[in-house]
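Here is the structure we will look at, set down as structure tokens.
Computed from the coordinates by the stated procedures, all read-outs in this text should not be read as laboratory data. Bear in mind the structure is a predicted one, so any value in this text is a computation, not a measurement. No Cβ is skipped: glycine too gets one built from the backbone with ideal geometry, and neighbour counts run over all protein chains shown.
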């Protein structure tokens, strides 16, 4: 499910802003982008997001407040400075120059002194992140809940359509046995040219046909699967994977009904049911 959430937190002079952007995904994947100096916070951040989001790809953007970000501190690369000083002495000796390289000479060379952003106080940064992330997750949840309610209404309507079609199949299924009995009797009478029919043999053939085309078991399982799907739509817990499994089972039952039935009307209903189920499957991909 898609969504966006943002939040800001302050603690001990540290201020952080967190933005969450979620898109559909089969599993839960969290992509965190933090300032380099706050990289140590990433494991806890990812863990907190996964505790609230079970499916989807979530991009997390963390920014420091401008004042905190500008609190840069100088860093001296002593190894590089020593290498520069040695090189300058060798240059002096080689060219016969006077004087010794001074601190200012070495410090002014590239890479010796650099400014890096202060990591700040870890406890303050952690507290600020927790506050900002909590607010962002709440905003994300609200947007995802709204989307979930819309998806639930759409899926419920489609499940109702599947239930109605299954009911029509249930009404039509017995009629195909009667139609087969009439066709078989007429065909045998035509081929036997007046010879009396064997009622027992005819009944046996009709019974075999009825057994091959009986879809009562499939309809019962289909009704059960549809009921379970409705229950999951009412659940407050993440249900996307279970919905996907049940949709596969519904598809299996519909395919079996189609392969068993020899009625044109039932075949037409099966086509409609498969088309509707495909729409359900597509929507289920968006459900957490």
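Just a few scattered comments:
- Remark: the residue 275-residue 223 segment gains 17.0 nm on full extension, using 0.36 nm per residue and subtracting the alpha carbon distance.
- Label-point separation, residue 236 to residue 259 (7 Å along Cα→Cβ), nm: 4.3
- For segment 1-107, the Kirkwood hydrodynamic radius from C-alpha pairs, put into Stokes-Einstein at 10 °C and a viscosity of 1.306 mPa s, yields a diffusion coefficient of 89 µm² per second.
- Computed extension gain for residue 172 through residue 8, at 0.36 nm per residue and net of the alpha carbon distance, reaches 52.9 nm.
- The C-alpha radius of gyration of segment 216-288, expressed as a fraction of 2.2 N^0.38 Å, stands at 1.15.
- Diffusion coefficient (Stokes-Einstein, Kirkwood radius over C-alpha pairs, 37 °C, 0.692 mPa s) for segment 1-45: 265 µm²/s, rounded to a whole number.
- Label-point gap, in nm, between residue 77 and residue 134 - each point 7 angstrom along Cα→Cβ: 4.2
- Debye log10 I(q)/I(0) at q = 0.32, 0.33 Å⁻¹ for segment 72-117, Cα point scatterers: -1.14, -1.17
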